[in-house]
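To start, the structure itself, in structure tokens.
The values are calculated or read from the model by the stated rules, or taken from the named source; none is laboratory data. Since the model is a prediction, treat every value here as computed from it, not as a measurement. Every residue, glycine as well, gets a Cβ built from its backbone with ideal geometry; the counts of neighbours run over all protein chains shown. Just so you know, the surface numbers come from the protein's heavy atoms only, side chains and all, with ligands and any DNA or RNA stripped out. Shrake-Rupley method; radii C 1.70, N 1.55, O 1.52, S 1.80 Å.
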Amino acid sequence: MLAALLAGCDGRGGGDTLLIRYQNDLAEALGTSEPQPSDPINIGAFPERRERLHDIPETRDGMLNIYALRECRITSLVAERNSQLGRVAQPSQRWIYELELWKRLHACWHSEVPDALSDASRERLEWLTRTKTEQLPLVSWNSLFDSDEWTGSFSRASAPLDPTEADPIGNQLEAIEWLRDATLNQFSQEWRHDSSTLEGHLDNLRRRPLTAEILRALLLAEQRLGEANTLLEASLSDPEICHRLEASGTELQAAFAIGPAIEWLDSLDGMASRWLIAIEELLESHVGPPQAFAEYRNRWLSLDNPDAPLPSFRDAHDEHLRHWQALTQRCP
């Protein structure tokens with residue numbers, strides 16, 4: 001009976017409808033009252049801007065001194081950055097600027113140009129190259145964590161992931177992987193940090209708060225699994241449970257092994273794992289985070305912290321499986 005009921009549930013009402021129907025069908029098969037579903041917690045608030053960015057001192061120098069380094073082809077670049085439009089550029093465009101400035105300084109320092117400079121200009125070129133080399137990883141972090149496209153992915157004003165979607169993470173996963181590769185290659189003269197490609201990937205991230213949707217789906221599924229586990233725990237302690245299951249005609253192995261709710265839980269595990277691993281690899285490509293984000297990362301994005309959404313969901317899922325196995329062994 002339960003297997004048939006589950007097979008008829010198509011999940012069009014979303015993940016919560018799917019899992020609540022699973023709970024209700026489970027309660028009916030076990031001959032007990034339906035659980036009263038409670039709301040899961042929301043994900044934590046993303047750290048405030050000042051808490052998630054690195055402090056980078058502004059690099060200042062006179063235009064005459066910059067002009068003395070004109071053979072390095074940085075004068076027009078610096079002028080563009082100091083213009084009115086340059087000062088209000090998006091974080092992603094500031095990153096592109098810093099990448100290009102570092103490339104030109106680095107190439108210039110390793111060319112014949114320094115030999116033709118005065119001592120003061122050569123020291124200035126060395127200082128600028130060293131400073132921009134040290135700052136570039138911090139700029140990379142800040143450009144990402146100051147962008148609306150990235151911070152919007154963690155929005156608390158979001159719904160859980162919809163189980164009816166086909167491959168909802170595809171385009172955004174490609175964006176995350178490109179950002180990781182771009183960060184790992186920021187000190188490469190050959191890698192092309194193309195502005196239009198960057199903006200295209202950021203536009204994909206802007207389309208929806210995917211990280212938040214996945215985290216909220218995990219929290220919701222964990223909550224519903226916990227409520228279902230309570231039903232199964234009570235049944236395992238009921239001496240009459242096997243008689244009731246036999247009378248209802250429920251075939252336990254089929255009831256657990258098939259159905260949209262079970263398929264959704266497995267699918268959610270796979271998608272969440274792929275997404276959070278990609279996020280972790282992107283973060284690992286950067287410098288160490290400020291303390292506020294390190295705490296957020298450990299609480300909400302961790303693959304290992306048992307209190308984080310993915311490991312916690314997996315614990316509840318595994319417990320659910322153990323209860324089913326115990327019940328099928330007890331009532332073969």
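Rounded, prolate or oblate: which one fits the chain, using the alpha carbon gyration tensor with axes a ≥ b ≥ c (rounded when a/c is under 1.5, else prolate when a/b beats b/c, else oblate)? Since a/c reaches 1.5 and a/b is larger than b/c, the shape of the chain is classed as prolate. Computed from phi, the 3J(HN,Hα) profile of the stretch 29-42 under the Karplus parametrisation 6.51, -1.76, 1.60 (θ = phi - 60°) reads 5, 7, x, 10, 6, 5, x, 9, x, 10, 6, x, 5, 8 Hz, with x in place of Gly and Pro.
Against the longest principal axis of the chain, how steep is helix 210-236, in degrees 0 to 90 to the nearest 10, with axes from Cα atoms? That works out to roughly 20 degrees.
Couplings 3J(HN,Hα) of the stretch 64-71, computed from phi: 5, 5, 5, 5, 5, 9, 4, 5 Hz, in residue order, whole Hz [Karplus 6.51 cos²θ - 1.76 cosθ + 1.60, θ = phi - 60°; x for Gly and Pro].
Each residue of the stretch 87-97 was assigned a 3J(HN,Hα) from its phi angle through the Karplus curve 6.51 cos²θ - 1.76 cosθ + 1.60 (θ = phi - 60°); the sequence is 6, 10, 5, 5, x, 5, 6, 5, 5, 4, 4 Hz, with glycine and proline shown as x.
For the charge dipole of the stretch 210-330, defined by +1 on Lys and Arg C-beta atoms and -1 on Asp and Glu C-beta atoms about the Cα centroid, which residue among Ala308, Phe293, Ile262 has the Cα displaced farthest towards the positive pole? With unit charges placed on the Cβ atoms, the residue in question is Phe293.
Ranked highest first by the average count of other Cβ atoms within 10 Å around their residues, in what order do 230-241, 102-113 fall?
By packing density, highest mean first, the sequence is 102-113, 230-241.
The angle between the Cα long axis of helix 119-145 and the longest principal axis of the Cα atoms of the chain comes to about 20 degrees, rounded to the nearest 10.
Using a probe of 1.4 angstrom and keeping all protein chains present, the accessible surface of the stretch 210-330 works out to 41 square angstrom per residue. Element breakdown for the stretch 55-195 at a 1.4 angstrom probe: carbon and sulfur atoms account for 47% of the accessible area.
Note that the stretch 210-330 shows a convex hull volume over its alpha carbon atoms of 105 Å³ per residue. Measuring r between the beta carbons of Asn298 and Thr59 and using R0 = 25 Å, the FRET efficiency lands at 0.15. Each Cα pair under 8 Å and six or more residues apart adds its separation to the average, and for the chain the resulting relative contact order is 30 percent. Only helices enter the 222 nm calculation for the chain: every DSSP H run of n ≥ 4 contributes -39,500 (n - 2.57), and dividing by all residues gives -20500 deg cm²/dmol, rounded to 500. Accessible surface of the stretch 210-330, 1.4 Å probe: 48 percent of it comes from carbon and sulfur atoms.
With the simple model of a label 7 Å out from the Cα in the direction of the Cβ, Glu199 to Thr230 spans 5.2 nm. Relative to the longest principal axis of the Cα atoms of the chain, the long axis of helix 170-184 lies at roughly 40 degrees.
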